[in-house]
Amino acid sequence: MPEPTAPPASPPTPPIALTALLARADLGLRQLAGPAEVSIRWVHTSEMADPYPYLLGGELLMTAGVQLADPERYVSRVVEAGAAALGFGVAPVYDAVPAALVEACARHGLPLLEVPPQTTFSGVARAVWLLMARAREDELRRVSEAQRALATAASRPDPVGAVLRVLAGRLGGWAALVTPAGSVLDAAGGEPSAAVRDAVGRLAGVVAPEGECPHPAPSRNPPGDRESAGEWTQGSAPDPAPQTPEGLDWAPQSVDSPLEAASRQCHSGRGRGGGGSPKAQALTATDALGGTHLAAYALAGPRVLALATPRRAPGDHTIAGVAAVLLTLLTAERQGADEAARSAALVRLLLGGTPEEAEPLLGEGPWVVVHARGQGAPPDLGTPLVDTGGQHLRALVPAGREVTTHPGWTLGVSAPAGLEGLAVADTQAARALERAEATRTPLARHRPAGFGALMNPEEAAAYAHHLLAPLSDPLRTTLRAWLSLHGSWDRSAVALGVHRNTVRQRIGRAAALLGVDLDDMDVRTELWLALRSAESHSGHRE
């Protein structure tokens, strides 16, 4: 019988070090052979004599050796499939890990773990997923903090140098703005060797040959993408394809990130060869020299962001991508690019920032966030902090400035918020815009009235009428009283002036007519909201 489908080729979370799994004292794992410095991407259990067809590579393969007839062939096939490590469960088939298996793993360099009888394979798998989840959280936090720090750096008097300094510090290496010929325009971090600078110069010439101006943008994938697994996608460079040094990885990226509009504005009419092609792609190239990882990101000008770091950690590519967009905006500004592009990018980045990081750019609040959609000339909201993307825009407006309607546009306005509440205000404005469009009103403001305000009153009343249709008025009255008193039979009987058995009978009848389980809290909540909506629409009060 075929085995269950294996996980997808690209793991959703960063890999974890085998040493982190061995450090879990509760598992009692013991390494018997092979190196410890390996990474695990997922866990797979198999008792097949030859698991090769079911392995994707990078997994910790778990087995009890049910069909382990030839340890040498078994290990060679596991290694050929690319498994990261082998976990062998002691009992019920073997009392100890076979010596022949230990020797085979040592010869092939495959880490071998002894799994004690009290540790289940599912327990090992659960530990791996928990470690991965923790690594993902750490990576998300690292990327988020770096993004906000880069946005703040972009507002300083020397923004290019500030961004490079923050980037070098976050990645723990050297960051430089260079020409396609490799000449350093500005740099931060520890000075690299001459050999590293030469290699960086070659990369710069590959990603941004003279006369070309690719459109950079950070990866659209969330932290934990291919790069998190230690992979850089190989592909073909756009035509015309530069000559790629042997062993160099290409990572073409479409301009399709949250900063897409700002990046396109910076490069308006500056496509490849001056043709302004909308299909031009951003190029990044990576290489390694000794223990130093090299990367180059094409900017405007043409200019190149060059990186030399002692390691390549999950999230580095995303952080560098954000820096590349900011540097493109900053350097393009010096050549006459639209200032709105920089403002738009900063608005997008700041809405996720902390008060301390946003204050240098925004000053004191409070602010309101405005979302608008329409056609024609965009509304004048009296603020330079506007992010425009075709028929949709959003802006940060001082709370004391009145936001009014504008012909051809529908607006949603948040409640006033301090710097710490901008992210929530952004969500409020988006929902207010949705409500304005649904009710065909030119402007809607956030209604701070709890969860009920998130529902359209007419739609909620119509749904409540349909849901409660099987119930008579006495049953509705009893159900409402019973729900309001948290299911208390005695208190409901007193409130309704009937016997408690009557309450039981009515509630049982209501549950049968509605076909629901009233012990389910989700069901109770939905019915309560339906009863409130029906009362509100009919003009009744509690």
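The values are calculated or read from the model by the stated rules, or taken from the named source; none is laboratory data. Remember, predicted model here, so these are calculated numbers, not experimental data. Ideal geometry is used to build each Cβ from the backbone, glycine not excepted, and the neighbour counts take in all protein chains shown. These accessible areas exclude ligands, DNA and RNA; they are computed on the full protein's heavy atoms, side chains included. Shrake-Rupley method; radii C 1.70, N 1.55, O 1.52, S 1.80 Å.
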If R0 = 60 Å, then residue 26 and residue 502, at their Cβ-Cβ distance, give a FRET efficiency to the nearest 0.05 of 0.65
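How many Å² of accessible area per residue for the range 400-525, probe 1.4 Å?
Numbers: 7430 Å² over 126 residues.
With the other protein chains kept in place, the range 400-525 gives 59 Å² per residue.
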Under a 1.4 Å probe, counting only protein heavy atoms, residue 144 has an accessible area in Å², nearest 10, of 40
The extension gain from residue 477 to residue 130, computed as 0.36 nm times the residue separation minus the Cα-Cα distance, is 120.1 nm
For residue 17, placing the label point 7 angstrom along Cα-to-beta-carbon and taking the range 106-140, residues whose amide nitrogen sits under 17 Å are 111, 128, 131-139
Quick calc: nm separation of the 7 Å Cα→Cβ label points for residue 91 and residue 145 -> 4.4
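Highest mean first, what order results for 302-313, 176-187 on Cβ atoms within 10 Å? Spell out each step's value before the answer.
Working: 302-313: 22.1, 176-187: 18.1.
Those peptides, ordered most packed to least, come out 302-313, 176-187.
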Expressed in nanometres to one decimal, the distance between label points 7 Å along Cα→Cβ at residue 195 and residue 106 is 3.5
Between the modelled labels at residue 484 and residue 438 (7 Å from Cα along Cα→Cβ) the distance in nm is 2.6
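Quick check on the range 7-128: take the gyration tensor over C-alpha atoms, sort the square-rooted eigenvalues as a ≥ b ≥ c, and tell me if it's rounded (a/c under 1.5), prolate or oblate. Display every interim value, and only then the final one.
On the way: a/c = 1.41, a/b = 1.12, b/c = 1.26.
In terms of gyration-tensor shape, rounded.
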Among trypsin sites (Lys or Arg not before Pro) in the range 374-437, those in a DSSP loop whose Cβ has at most 13 other Cβ atoms within 10 Å are 401
Long-range share for the range 56-109, i.e. C-alpha pairs more than 12 Å apart as a percent of all pairs, stands at 63
1/(1 + (r/R0)^6) with r = Cβ-Cβ of residue 137 and residue 288, R0 = 22 Å, i.e. FRET efficiency to nearest 0.05, evaluates to 0.20
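If you take the beta carbon distance between residue 122 and residue 526 as r and set R0 to 45 Å, what does 1/(1 + (r/R0)^6) give as a FRET efficiency, to the nearest 0.05? Show your work: numbers first, answer last.
Numbers: r = 35 Å, r/R0 = 0.78.
According to the calculation, E is roughly 0.80.
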Net charge (Lys, Arg +1; Asp, Glu -1) of residues whose beta-carbon lies under 12 Å from that of residue 142, residue 142 excluded, is -1
In the range 403-502, taking the dipole from +1 charges on Lys and Arg beta carbons and -1 charges on Asp and Glu beta carbons about the Cα centre, the listed residue (419, 441, 405) farthest towards the positive end is 441
